[in-house]
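*Asks:* The structure's right below; bear with me while I get my questions together.
The values are calculated or read from the model by the stated rules, or taken from the named source; none is laboratory data. Just so you know, these numbers come straight off a predicted model, no measurement behind them. Methodologically, a virtual Cβ is constructed for each residue, glycine included, from the backbone with ideal geometry; neighbour enumeration extends over all protein chains shown. Ligands, DNA and RNA are excluded from the accessible area calculation, which covers all protein heavy atoms including side chains. Shrake-Rupley method; radii C 1.70, N 1.55, O 1.52, S 1.80 Å.
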Amino acid sequence: MHNLFLGEVLHHCRRVWGIDIAQDKQPTAPKLVEHTPEDQQKILDKIFVATCLRAEKKLVAIRKDYLSAVARFNNIVGSTSSELTKQDLASALLDWASKNDPKTLRLPPTLNDPAARFRLPADEPPPETSRYDIFSSDVLEQVRADIQATTLPSWLESPPSNFGSAAHGKLKADLWRTVATVNLVITTVRLWGAVDASPEEQEVLQNFVHLISAVTLATRRSMTSERAASYDYHMQKYLRGLHSLFDHKLVPNHHLSLHLRPLLELFGPVHGWWAFPFKRYNGILQRMNTNSWSSDMPATFMRSWYMGSNIRWLMRTTEWPDEPAYGDMIKTFETAFRDRVRGTRVTDILNVVQNRQPLSFSYDPKRAVLLIQDIYESLLHCVNLKTAHLFCSAYSSSGTKNTSLPLAPSGQLVSSIEHDGIRFSAATAPGARDSYVTFRSPTGSVLAGQISQIFYHQRAENGAFMVEPFLVVRTFKSLSEDHAILDPYRRFPDLDTQLVYNDFKTRPHVISLNQLVSHFAHYTYTPAGIEKECVVVRSLDRVRGPWRPFCSRADSPIG
């Protein structure tokens, strides 16, 4: 996948957009209107009349390229007249007219074709800047500002704040993945997908979205033939856009990307066969102390690697007895051999192992607090949806309690919890960046919200006590139908990104861990046309496909 991250993405940012030199590029100036030969003659005639009348104000009001051409055609100024201002050229023409008969002023011939800039026949055509060269210094500054304003979870490394400058050094493939699929998506869609964006900006954005959609689809942790076909569609559209928009010459990485579809269909998700593990092992080898016994290094390295792999697999897949001694052993192992849960390599491996031993949670009744009634009623509904044994409310009448057991109305508050090796935390905890999540509602829709509380809850089930963590999530309000039409992110469903209002619904959801979908990148701004502050929800789900549109009525908390 280095072909996609360090090939396609890096190549597009540096060679197509010129991010490395963007800070030296000025914002695209308004394009001059092309003048037909007839229009050109009319402007030349105006210069002749204004010179004869010695009308300085009228001369200054005429475009500089016409004034320069007339002055040079009559040898009034030299070939360096491009350095002169309109006022300088007008003064030179009037000074000439004061010493000569202005009616002898010669006008240069018009050009044969319409042109945006007038020139003499002997002049070389000026280099035309592509109208699609729109990644200017202003855009780069917007990207840098958005990087600092975007909240990412702790497992995702943030790009450098001076992105686009040589000062930050070489970026690894993982950072290129983040900056392209998260930060550049947030900024470019916000700028170039707005209602007032120019046609050129919209075309450049569409081309970039095809690239990001292809990269995102190819690197998901699940793969289907339809997803592989969708990757191929986006990649072909992207490469055709490179040629039609930028007249860009394709490179071997582009050719290689067109051969990826059959590999996705044959071998499945790329995290099982991509180059990240080999790159990591190369780094380990470079840092190893060989003690000058380099000949023994391959065997030692392979022996140690297999030992580590076998014990990790054993610990993760064995169904250990449900006894405190084994629980302590598992916790000690996880603590001692915890990997660095950050970046592409680890987060794409964590979900490979299925059916691992469920984590046990220690419940301390002394730390339990009474849940507020709204949260308790939502908890009751959540528990009854997932268990065969129905519980009743601890606040219900005695008649109901005779048919079912009351659910305990208290829980032990915790600041954070780990699920599949990923940390989730409450908004009030120090790691609040891990509190923005998407989750699946009981109706199946995916919603976005922020975790406000995490608590352990203990209940009696099948003759035994069980402890389960629950999350209280404040859900962001969905856009109205009128505003949803103005959401620039919804135009690109494969980006998995949408806007919601930066406002929470009145009642929170209470969810279990298996309802979590993923974290999301959080960024706020006020879109044109909506005129309300909104949150960009850039999903970081790398397993499933794009979510269903947010629902507003059927997904209200129940309780």
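*Asks:* Students often forget the sequence filter, so: which aspartates and glutamates lie under 16 Å Cα-Cα from Lys58 once same-chain residues fewer than 8 apart are removed?
*Replies:* Hits, sequence-local ones excluded: Asp45, Asp88, Asp95.
*Asks:* Enter the accessible area per residue of the chain (Å², integer; probe 1.4 Å; all protein chains in place).
*Replies:* The answer is 51 Å² per residue.
*Asks:* May I ask you to list the lysines whose Cα is less than 24 Å away from that of Lys172, ignoring any residue fewer than eight positions away on the same chain?
*Replies:* Cross-link targets: Lys279.
*Asks:* Students often get this wrong, so try it: which of [x] 104, 78, 52; [y] 113, 73, 40; [z] 72, 61, 41 is Cα extents along the principal axes in Å as calculated from the structure shown?
*Replies:* Evaluating Cα extents along the principal axes in Å on these atoms matches [y].
*Asks:* Sticking with this one: Using only the Cα atoms of the range 105-227, what semi-axes does the equivalent ellipsoid have when each is the square root of 5 times a gyration tensor eigenvalue? Give whole Å, largest first.
*Replies:* Square roots of five times the eigenvalues give 41, 19, 14 Å.
*Asks:* At a Förster radius of 45 Å, what calculated FRET efficiency corresponds to the Cβ-Cβ distance of Gln236 and Glu157, to the nearest 0.05? Don't skip to the answer; put the middle values down first.
*Replies:* Details: r = 31 Å, r/R0 = 0.69.
Calculated transfer efficiency: 0.90.
*Asks:* Then there is this: Convex hull over the alpha-carbon atoms of the range 240-343: what's its volume per residue in Å³?
*Replies:* 224
*Asks:* So which lysines can Lys532 reach, going by Cα to Cα under 28 Å and dropping same-chain residues fewer than 8 places off?
*Replies:* Lys477, Lys505
*Asks:* Per the 1.4 Å probe, what fraction of the accessible area of the chain, in percent, lies on carbon and sulfur atoms?
*Replies:* Result for the chain: 53 percent of the exposed heavy-atom area is carbon or sulfur.
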